[in-house]
Amino acid sequence: MKHAGKTNILVVDDSPETVELIKRNLESVGYQVYSANNVQSAVKLLETLQVNLVITDLKMPGESGIELVRHVSENYKGAGTLVITGFPSIQGAVESIKIGAEEYLVKPFTDEELFKSVERVLAKTSKYKKEVVSTAPVNFGIIGSSEGMHDVFKTINKAKNTNATVLINGESGTGKELVARALHYGSHASAAPFVPVNCGGIPDALLESELFGYVRGAFTGATETRAGFFQTADGGTIFLDEISNTSLAMQAKLLRVLQEKEFYMVGSKKPMKVNIRIVAATNVDLMQLVKKGLFREDLYYRLNIISIDLPPLRARDKDIMLLLDFFLNKYVRELAKGPMQFSKKALKSLTEYAWPGNVRELQNLVHRLVIMADEDTIDTPDLPESFRYSATRSRGLNRKLADIERDYISDVLAANKNNISHTAQILGIDRKTLREKLKKAKD
């Protein structure tokens, strides 16, 4: 364990003589020194020790010092790295510094050179470098300046003041409801209601009465007449999210609303007229469902008068920084915390991540990071494990695909605090499939 008042240093070298020399010299000036003769042993020690500095040889049997430097850089906040080598090269020095090493020392070195290098590394790692991120431009409340998002903004501008139906296509978490709201609140009907309906979240048996309302006595429990979402949205916009989850019977009723501008409340034979704009959204290819006979072709073409395709976050590289900055400032204000920022290393990990859950995943992660932050800088070790490099995990090229999938699902589930619904959305599967995978993993 860490000695009180002492700086902990881990020396990693396959040469016992080198380890003993460095250890003796550093202990003579008050440092607490631990040692390992390979990367695997060092990784295990790091899991139990609080280390301020790792001194590692560059060339060792098995994994190299380069891999250890990266592992430390992305997993241990505030721990510095000093690379030593008897085989100096410009390439080795550049690569070491590039992935996070603060200093590069060539053997043989004097005691004075060692002490000065150690002092410089500890001085550098005693505080985190500030990273200034540009302010995000806001379009209709949507963050983005990438080419794909410019196309989205252009279509919203052209479509917002028409009554044409709009079909928004995009993966889960890309912001389809934000686009629907932009269409409504940017239109001449902005003062009228905007009513969002998650068709995938309402059982099909209840969806008709939720959408169209019902009259008293229509079914057991209908003790009074109740308006549905279409009546509520009259004069404004109804947003039908996850439209692909509706049954063919419900699709026929929606088609009638689009064609005749009228519908029947459940239990009533009197048609009700409605002046409403329909915006629908889907995270699956509706045309593929049409070909399989699972979605009405006539309804598809009625909905798809104007199409807006939302790009996934992995295709919006330049927007990731904007979104990180926007949500960081948002939650810092909401949680009444002091100014915060991401370190350069953390930003690198975040911008290189694939974001399968898109903007929703990014937003949830930043919210959680701000809540859990103990300091004003969020660094790589503060990120979930799936964002960080691991010297042990990266070598598993002989692992089965099922094992990799199991571990990834476990990481995403843990990052979402075991929330099945959020995890399923991020993974792009339904809750039933996720539960089956989790059950299989336990067996």
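The values are calculated or read from the model by the stated rules, or taken from the named source; none is laboratory data. On a predicted model such as this, the values are computed, not experimentally measured, just so you know. Positions of Cβ are backbone-derived with ideal geometry, glycine not excepted, and every protein chain shown enters the neighbour counts. Accessible surface is based on the protein model in full, side chains and every heavy atom, while ligands, DNA and RNA are left aside. Shrake-Rupley method; radii C 1.70, N 1.55, O 1.52, S 1.80 Å.
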Formal net charge of residues neighbouring E119 (Cβ-Cβ distance under 14 Å; K, R +1; D, E -1): -2
Can you give the angle from 0 to 90° between the axis of helix 176-185 and the longest principal axis of the chain, with both taken from C-alpha atoms, to the nearest 10? 50 degrees
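Arrange the peptides 170-177, 277-284 so that the one whose residues have, on average, the most other Cβ atoms within 10 Å appears first.
Values: 170-177: 21.5, 277-284: 23.2.
Highest-to-lowest ranking by the protection proxy: 277-284, 170-177.
Could you tell me the relative contact order of region 302-443? Use alpha-carbon pairs under 8 Å, at least six residues apart, and round to a whole percent. Don't skip to the end; give the middle numbers.
Working: 107 pairs, mean separation 31.3, N = 142.
That works out to 22 percent.
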Could you work out what % of the accessible surface of region 1-76 is carbon and sulfur, using a 1.4 angstrom probe and leaving DNA, RNA and ligands out of the count? 48 percent
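What is the sum of charges around D317, taking Lys and Arg as +1, Asp and Glu as -1, for the other residues whose C-beta is under 12 Å from the C-beta of D317?
On the way: positive: R314, R316, K318; negative: E147, D319, E352.
It works out to a net charge of 0.
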Over the chain, relative contact order from alpha-carbon pairs under 8 Å, at least 6 apart, %: 15 percent
Calculate log10 I(q)/I(0) of region 34-82 for q = 0.16 Å⁻¹, where I(q) comes from the Debye formula with a single equal point scatterer on each Cα and nothing for solvent. -0.36
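How high is the relative contact order of region 152-196, in percent, counting Cα pairs under 8 Å that sit 6 or more residues apart? Provide the component values of the computation, followed by the final result.
Details: 25 pairs, mean separation 18.8, N = 45.
Rounded, it is 42 percent for region 152-196.
Net charge around Q251, counting only other residues with Cβ within less than 12 Å of its Cβ (Lys, Arg = +1; Asp, Glu = -1)? Numbers along the way, then the final one.
Values: positive: K253, R256, R296, R302; negative: D204, E208, E297, D298.
Summing Lys/Arg as +1 and Asp/Glu as -1 gives 0.
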K107: which aspartates and glutamates have alpha carbons under 16 Å from its alpha carbon, excluding same-chain residues fewer than 8 sequence positions away? D13, D14, E17, E20, D57
Over the chain, give the accessible area per residue in Å² for a 1.4 Å probe, as an integer. 51 Å²
Relative to the present Cα-Cα distance, how much length would full extension add between N38 and R431 at 0.36 nm per residue of separation? 137.2 nm
What is the dipole size for the chain, taken about its Cα centre, with +1 at each Lys and Arg Cβ and -1 at each Asp and Glu Cβ, in debye to the nearest 20? 1420 debye
Longest principal axis of the chain (C-alpha) makes with the long axis of helix 147-159 (C-alpha) an angle, in degrees to the nearest 10, of 20 degrees
Over 42 Å, how big is the tail of the calculated P(r) for the chain, in percent of all Cα pairs? 34 percent
Using the alpha-carbon atoms, what tilt in degrees (0 to 90, nearest 10) does helix 111-125 show relative to the longest principal axis of the chain? 20 degrees
Counting only protein heavy atoms and using a 1.4 Å probe, what share of the accessible area of region 133-272 belongs to carbon plus sulfur, as a whole percent? 50 percent
